[in-house]
Amino acid sequence: MLNRGLIDLNPNSINKLQINCIDEQDGSMTIHIDWDENDPDLQWWTDLGPEGQKTFMIDALREALDCYVD
């Protein structure tokens, strides 16, 4: 079921997420995301919760990479 907050998502609100990629000592990378939980433009993100946010990011990365994979 589609989250109602995603239907109303303003695409520009994604720019308000502070996304940092951290190179770990073991060669892996961690993506850390900060945001203002009180910002009404980011309510959709807050409402996703940790698992929904993880799924959103993984899906976005896969979609972005699809254009580079034959």
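The values are calculated or read from the model by the stated rules, or taken from the named source; none is laboratory data. Predicted, not measured: the structure shown is a model, and the values here were computed from it. Heads up, the Cβs are rebuilt from the backbone with ideal geometry, glycines too, and the neighbour counts pull from every protein chain shown. Keep in mind that these areas ignore ligands, DNA and RNA; they rest on the heavy atoms of the full protein, side chains included. Shrake-Rupley method; radii C 1.70, N 1.55, O 1.52, S 1.80 Å.
Pairs under 6 Å by beta carbon, first residue among the polar types (S, T, N, Q) and surrounded by fewer than 10 Cβ atoms within 10 Å (Cβ to Cβ) in the range 23-42, partner modelled with pLDDT of 95 or more and not in a loop (DSSP other than H, G, I, E, B), six or more apart or different chains?
Final answer for the pair search is T30/I22.
Scan the range 21-70 residue by residue and report those that are of a type in the set (D, E, K, R) and assigned to a helix (DSSP H, G or I). Quick ask: steps written out before the conclusion?
Going through the range 21-70, the residues of a type in the set (D, E, K, R) turn out to be 23-24, 26, 34, 36-37, 39, 41, 47, 51, 54, 59, 62-63, 66, 70.
D41, D47, E51, K54, D59, R62, E63, D66 - these are the residues of the range 21-70 that are of a type in the set (D, E, K, R) and assigned to a helix (DSSP H, G or I).
Only one of (1) open to solvent by less than 70 Å² (accessible area, probe 1.4 Å); (2) at pLDDT 90 or above is not met by N15, so which one is it?
(1)
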